[in-house]
Structure formats: structure tokens, C-alpha cells
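Have a look at the structure below before the remarks.
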Amino acid sequence: MRVLLVEDDDDIAGRLIAGLVPAGFTVDRADNGADGYAMGADEAYDAAILDLGLPEMQGLDVLKRWRAEQRKVPVLILTARGTWSEKVDGLNAGADDYITKPFHVPEVAARLKALIRRSSGLASAMLTHRGIVFDTGANRVSLNGENVDLTARELKMLNYFMHRIGRVVSQSELTEHLYALEDSRESNTIEVYVSRLRRKFGSDLITTIRGLGYRME
């Protein structure tokens, strides 16, 4: 899942990125509120981590502008400000969850996954479909009880599809959510990974909808 991290502290941002990427996230970072607002307005993200104390534009103002523009991305506020009134302000402005510094990265990852599940209408960390069981907490996948080894990119693509079963997903949407802004992107990469998932889970799992994209059946 693709996450926007808006955090001005390089050490904190580096620790988060180092922990979130192995947990299955693609992370883009902004180091100030103005850039964070623009990235959240222009790019498609599955969730955002938003610090409140930011240069150029405060995190609360970023959040208020996103919500005023009807941007529904789930937002996890990450801040050193821990008073109850500040938490209330953030939640009332449209935040979905709140965590204070210092923090443990695995907890941040778990909260992000829970936010993304809820935004997709899913209640459990175990995604199931046609004999596939995807444990999003442990990033483990099995098919009919047998473990299936997947690369990091294959895991991300399967995860994205299993949050959108029955929905047509365009190639550009997949590209946006699987790759960070600085990642190199081959023109046929999406087709390659779709083919790999078909080989591992069945050729009829993902249908190509000509001119539109793909749909997990």
C-alpha cells in the first residue's frame, strides 16, 4: 500500500521508512506541510502519516484543507503533542487515528493497516478469497493451506487487489500504488506481475478488462 509520510524530522522519517517498507508499504515523504498538502492533493495514497508541527504549513491546516476538498485518505496523526485537547482537535479536523512520539514502528504499521482495511470495508487482518489467505499482519500468504512464496512487489499487488475484489483497477492506478515517486517504472512491469500472480494462484484469478485494466474475480 502506498503511504504519504509528512514529517520534517529526518531521523524520525528515516526510521519510519526503514520499518514500513519491509512491512509492505511504499512510502513517499514530504518534509514540510506545503509539499505534503500538494502531494496529498495530487497523488493517490492509501493512507497518510501526518506530523502536526511542520514548517511552512501546520499539519492541522494540511488535514483541514484535505478534508474541505473531500479527500478521504485515512490519516494517522504522528506528533509529540500529547494533550487530550490537541488529540480532540486533530480528530475533529478529520484524522482517523492518533499516535504520539516516541513510538514503535510496528505499532505505526499495524495502525496503518487497520485504517486501510476499514477504509476498504474490511474488518479482519486475514484477507480471504478463493482459497487464498493473506495475513496482512505477518505478510504471509497461503493457497488451500499451502504457503506461497511471493516477492515484495507481488505481495503489494496481491494486497491491493484483495482490498478491491470485483472492482476494475486500471494499470495507472496499480502503478501509482505500487511504486514510490522516485522508483523507476518499466512500461510492462504491471503486466509482468499480474502474470506472476496468475501462475501462482490460477489463470482466472485476475481478468484483463480491455481498455480499462484488471479485476480480481
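Points worth noting:
- Residues located in region 58-90, provided they are within 20 Å of the chain's Cα centre (by Cα) and in a helix (DSSP H, G or I): Gly59, Val62, Leu63, Trp66, Arg67
- Output for region 190-209, where each listed residue is charged (D, E, K, R) and at positive phi: none
- Scan of region 150-209 for residues that are touching a helix residue (DSSP H, G or I) at 6+ places or on another chain (Cβ under 9 Å), at pLDDT below 90, among the charged types (D, E, K, R) and open to solvent by 70 Å² or more (accessible area, probe 1.4 Å), ordered by number: Arg185, Glu186
- Matching residues in region 2-30 - criterion: being touching a strand residue (DSSP E or B) at 6+ places or on another chain (Cβ under 8 Å), assigned to a loop (DSSP other than H, G, I, E, B) and open to solvent by 10 Å² or more (accessible area, probe 1.4 Å): Asp8, Asp9, Val21
- Answer residue from region 118-133, given it is assigned to a strand (DSSP E or B) and either within 16 Å of the chain's Cα centre (by Cα) or among the polar types (S, T, N, Q) (or both) and is surrounded by the most Cβ atoms within 10 Å (Cβ to Cβ) among those: Leu127
- Of the candidates Gly14, Gly59, Gly19, the single residue that is over 21 Å from Ser119 (Cβ atoms), in contact (Cβ under 8 Å) with a residue 40 or more places away in the chain and of a type in the set (Gly, Ala, Ser) is Gly19.
The values are calculated or read from the model by the stated rules, or taken from the named source; none is laboratory data. Not measured: the values here are computed from a predicted model. Heads up, the Cβs are rebuilt from the backbone with ideal geometry, glycines too, and the neighbour counts pull from every protein chain shown. The accessibility values were calculated without ligands, DNA or RNA, using every heavy atom of the protein model including side chains. Shrake-Rupley method; radii C 1.70, N 1.55, O 1.52, S 1.80 Å.
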